[in-house]
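Undergrad: After the structure tokens below, expect a handful of questions from me.
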Amino acid sequence: MRKLLVSIVVLGLFAGCASETKEQKGAAVEEGKPAIAPVTKPPVEPVAKPIVQQPIVGNPLTDPGNILSKRSVYYDYDSSVIKDEFKPLVTAHARYLTQNRSAKMTIQGNTDERGSREYNIALGQRRADSVKQMMLLLGAQEGQIETVSFGEEKPRATGKDEAAYSENRRSDIVYQGE
Amino acid sequence: MKTNNPARFFLFPLLWLLVTPAAYAQLKIEIIGFGSTQFPIAIAPFKAEDTLPRKVTDIVAADLYRSGFFKIVDSGGLTAIPAEPADVQYPLWRARGADVLVIGAVSAMSNGYWDVRFRLLDVGKQAQLTGFAYQVTTTELRRTAHKIADAIYETLTGDVGVFSTRITYVVKNGTRFELQVADADGYGAQAVLASYEPIISPAWSPDGTRIAYVSFQQKKPIVYIQSIYTNRQQVIANYRGSNSAPAWSPDGKQLAVVLTKDGNSQIYLVNADGSNLRRLTNTSTIDTEPNFSPDGQWIIFTSDRGGSPQIYRVPVTGGAPERLTFDGNYNVSPRYAPDGKSFVFIQRSGGRFNVAVQDFVSKQTQLLTEDGVDESPTFAPNGRIILYATEIRGRGILAAVSSDGRVRQRFSVEAGDVREPAWGPIMKGQ
């Protein structure tokens, strides 16, 4: 914020400079008075204030700085256990649901491409359900969450290596209307 | 004719491709291994079949060759085409090594139909084994050739022929998915459904007129039934959560489906119009991939109730399921053999997924493939061939293996991935 203020001050200086130059048009140049003379009192205050005071009115669900913008939970092979690193994310979304009772979400479970497509539908469902169960324990309501499975059918990564597979073993949170 | 369809499904002649690209037109197919006994059969050109868009005998020979149980004896260089038994020079065919000979004739009828007739002759006994005549339209000629191949196959092997049956499968081309129906030899492919969302788990109704499948077109898995004649699509199961894995009862009156509306994936029964839903399994684990026994009394399915996915059997009326597989920690996708005596499934071993068959009585398991990336096995309605999905150089293709593991074939499309095959029933009276 301090940097922003400094920039604005500098901008103000230039603005002042420009206006000073303008005002001095037609004036005697031989006076030799530098155009930037009134630097001690630049009109920065009125310009800077509204910017500084502007509150950030953003959607917490899409604000990149908010954990609620993070929507994916990743899993180990053949596992639907929510790893510790994803618990803050799930907790944050559960809190959002408890604070916004009209909010609804779908949790989409996904698997990597190995194995039976139908069994993978069931595994993806179990992954989505594991996220839902944790959210219910944290106060979200049953009616706010639908869990569905895409199995291995909608891979985010298309490779055939562990990097792609681990990217695809995933639950995604999608809010209604998104 | 569908020959200009870019997604036309054809038999991929991997070995022949290296020799000549024109092999496509010859309907050759890659076959790895053959039956233990190969029956030497000669198929003489049918009289006047040159007037047809496609020679009937080419299709008959390709069918029989592809089965792996026949050796096609050269029938070229004839001075005269034998159309009737009286025309046949038996010593000539005996000298060429043929045990049986097919002769026939084609003629245009005044009503625009074709008369196609054939006889199967025993070269040694110089006697007719079977013979039929067909009056058909031009568009029915290919199916007529398949019917002739069926009649020959049935006469010589005692098994039902499946050359005139159809298969369905899903083609993924870029972001586009198509549910296609084609003849069992891959020709005449037609899309019955196209979508930019995935389609999986197609299952033929027992009368071959409808296909149940799972589509993600509503951004979640929903079970539909679609008529392949009218393309009318009907929702069968669209409940909260996921809806998948449809399987028809043998009488076509009900389906087993897998729903998550009450929690985890469980098997339910539902009438074929979507009514009268009732729950069959009741566990807190995964129960999926149901499949009816041919007598309609049992359902085999995949469950991880024992800690790993294994195959179980439960009476359709409910009750305690019996575990059927014990080898390894991943046995999935069971399908009954048409005679009900065995089932095919996918077995994972050391990270590799292969097709296996297990006998219900002896409980013996036979591994049929070694591809390592196999999925979705489906029996031909005569039980002699298993069609399944696999990959070659990262591309999805279909492959077939005889139920004794000896004969293998590969199918592919010109572009895209093929997966999720389901072999259709024998169409009675057609």
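The values are calculated or read from the model by the stated rules, or taken from the named source; none is laboratory data. Just so it is clear, the model here is predicted, and its values are computed rather than measured. No Cβ is skipped: glycine too gets one built from the backbone with ideal geometry, and neighbour counts run over all protein chains shown.
Undergrad: Testing B:SER195 on (1) surrounded by 15 or more Cβ atoms within 10 Å (Cβ to Cβ); (2) at positive phi, one condition comes back false. Which one is that?
TA: (2)
Undergrad: Moving to a separate point now. Please give the helices (runs of 4 or more DSSP H) falling wholly within segment B:9-117 in which 1 or more residues are within 22 Å of B:VAL162 (Cβ to Cβ), in contact with a Phe, Trp or Tyr (Cβ under 8 Å, 6 or more places away or on another chain) and modelled with pLDDT of 85 or more.
TA: Answer list for segment B:9-117: B:56-67.
Undergrad: Here's a follow-up. Tell me, which residue of segment B:319-336 that is within 14 Å of chain A (Cβ to nearest Cβ) and not small (Gly, Ala, Ser) is nearest to the chain's Cα centre (by Cα)?
TA: Checked segment B:319-336; the qualifying residue nearest to the chain's Cα centre (by Cα) is B:ARG335.
Undergrad: Ok, one more. So which residues in segment B:307-336 are buried (at least 18 other Cβ atoms within 10 Å of the Cβ) and of a type in the set (Gly, Ala, Ser), if there are any at all?
TA: B:SER333
Undergrad: Scan segment B:361-377 residue by residue and report those that are without any contact (Cβ under 8 Å) to a residue 24 or more places away in the chain and under 15 Å from B:LEU398 (Cβ atoms).
TA: Hit for segment B:361-377 is B:VAL373, nothing else.
Undergrad: Please enumerate the residues belonging to segment B:398-430 that are within 11 Å of the chain's Cα centre (by Cα) and farther than 24 Å from B:PHE69 by Cβ.
TA: none
Undergrad: A follow-up question, please. With respect to A:PRO88, is the statement that it is over 18 Å from the mean Cα position of the chain (by Cα) and either within 13 Å of chain B (Cβ to nearest Cβ) or at pLDDT 95 or above (or both) true?
TA: Here the answer is no, as A:PRO88 does not meet what is asked.
Undergrad: Turning to a different aspect of this structure: Identify, please: which residue in segment B:192-224 is β-branched (Val, Ile, Thr) and within 19 Å of the chain's Cα centre (by Cα) and is, among those, farthest from B:ASN173 (Cα to Cα)?
TA: In this case the residue turns out to be B:THR209.
Undergrad: Among helices (runs of 4 or more DSSP H) lying entirely in segment A:73-169, which contain 1 or more residues that are touching a Lys or Arg at 6+ places or on another chain (Cβ under 8 Å) and closer than 30 Å to B:ALA247 by Cα?
TA: Fully inside segment A:73-169 and qualifying: A:117-137, A:162-168.
Undergrad: Out of the residues in segment A:121-136 meeting the condition of being aliphatic (A, V, I, L, M) and more than 10 Å from chain B (Cβ to nearest Cβ), tell me which one is surrounded by the fewest Cβ atoms within 10 Å (Cβ to Cβ).
TA: A:LEU136
Undergrad: Here is a further query. Kindly check whether there is at least one residue in segment B:254-261 that is in a strand (DSSP E or B), of a type in the set (Lys, Arg), closer than 30 Å to B:GLY307 by Cβ and without any contact (Cβ under 8 Å) to a residue 60 or more places away in the chain.
TA: no
Undergrad: Which residue, of B:VAL214, B:VAL136, is in contact (Cβ under 8 Å) with a residue 24 or more places away in the chain and in contact with a Ser or Thr (Cβ under 6 Å, 6 or more places away or on another chain)?
TA: B:VAL214
Undergrad: Please count how many residues of segment A:118-141 are touching a helix residue (DSSP H, G or I) at 6+ places or on another chain (Cβ under 8 Å) and of a type in the set (Val, Ile, Thr).
TA: Of the residues in segment A:118-141, 1 are touching a helix residue (DSSP H, G or I) at 6+ places or on another chain (Cβ under 8 Å) and of a type in the set (Val, Ile, Thr).
Undergrad: Restricting to segment B:342-354, and then to whatever is in contact (Cβ under 8 Å) with a residue 24 or more places away in the chain and within 12 Å of chain A (Cβ to nearest Cβ), can you tell me which residue is farthest from the chain's Cα centre (by Cα)?
TA: So, considering only residues that are in contact (Cβ under 8 Å) with a residue 24 or more places away in the chain and within 12 Å of chain A (Cβ to nearest Cβ), the one farthest from the chain's Cα centre (by Cα) is B:ILE346.
Undergrad: Scanning for something of a type in the set (A, V, I, L, M, F, W, C), part of a loop (DSSP other than H, G, I, E, B), touching an Asp or Glu at 6+ places or on another chain (Cβ under 6 Å) and more than 21 Å from B:PRO206 (Cα to Cα), does segment B:311-321 turn up at least one residue?
TA: No: zero hits.
Undergrad: Further question on the same structure: Being within 15 Å of B:THR317 (Cβ to Cβ) and buried (at least 20 other Cβ atoms within 10 Å of the Cβ) is the filter; apply it to segment B:241-258 and report the residue that is nearest to the other protein chains (Cβ to nearest Cβ).
TA: Applying the filter and picking the extreme gives B:ALA256.
Undergrad: I've got another one for you. Pull out all pairs, ordered by first then second residue, where Cβ-Cβ is under 7 Å, the residues are six or more apart or on different chains, the first lies in segment A:144-171 and is on the phi > 0 side of the Ramachandran plot, and the second is among the aliphatic types (A, V, I, L, M).
TA: Once the first residue is on the phi > 0 side of the Ramachandran plot and sits in segment A:144-171, its partners that are among the aliphatic types (A, V, I, L, M) give A:GLY151/A:ILE121.
Undergrad: Separate question: In this structure, is B:ASP339 away from chain A (no Cβ under 14 Å), in a loop (DSSP other than H, G, I, E, B) and out of contact with any Ser or Thr (no Cβ under 8 Å at 6 or more places or on another chain)?
TA: yes
Undergrad: Any residue in segment A:79-102 that's surrounded by 14 or more Cβ atoms within 10 Å (Cβ to Cβ): show its pairings with residues that are part of a helix (DSSP H, G or I) and of a type in the set (Asp, Glu) at Cβ separation under 8 Å, as long as the two are six or more apart or on different chains.
TA: Within 8 Å, the pairs are A:SER80/A:ASP129.
Undergrad: Additional query: Would segment B:178-195 turn up any residue that is within 14 Å of another protein chain (Cβ to nearest Cβ), more than 23 Å from B:THR317 (Cα to Cα), out of contact with any helix residue (DSSP H, G or I) (no Cβ under 7 Å at 6 or more places or on another chain) and hydroxyl-bearing (Ser, Thr, Tyr)?
TA: yes
Undergrad: Applying the selection to segment B:376-394, what residues are over 18 Å from B:THR168 (Cα atoms) and in a strand (DSSP E or B)?
TA: Passing the criteria: only B:ILE392.
Undergrad: With the structure loaded, tell me whether A:GLY143 is within 12 Å of chain B (Cβ to nearest Cβ), of a type outside the set (Ser, Thr, Tyr) and farther than 23 Å from B:SER215 by Cα or whether it fails that test.
TA: Spelling it out, A:GLY143 is indeed within 12 Å of chain B (Cβ to nearest Cβ), of a type outside the set (Ser, Thr, Tyr) and farther than 23 Å from B:SER215 by Cα.
Undergrad: While we're here: Got a number for residues in segment B:290-305 being assigned to a loop (DSSP other than H, G, I, E, B) and within 14 Å of chain A (Cβ to nearest Cβ)?
TA: Number of matching residues: 2.
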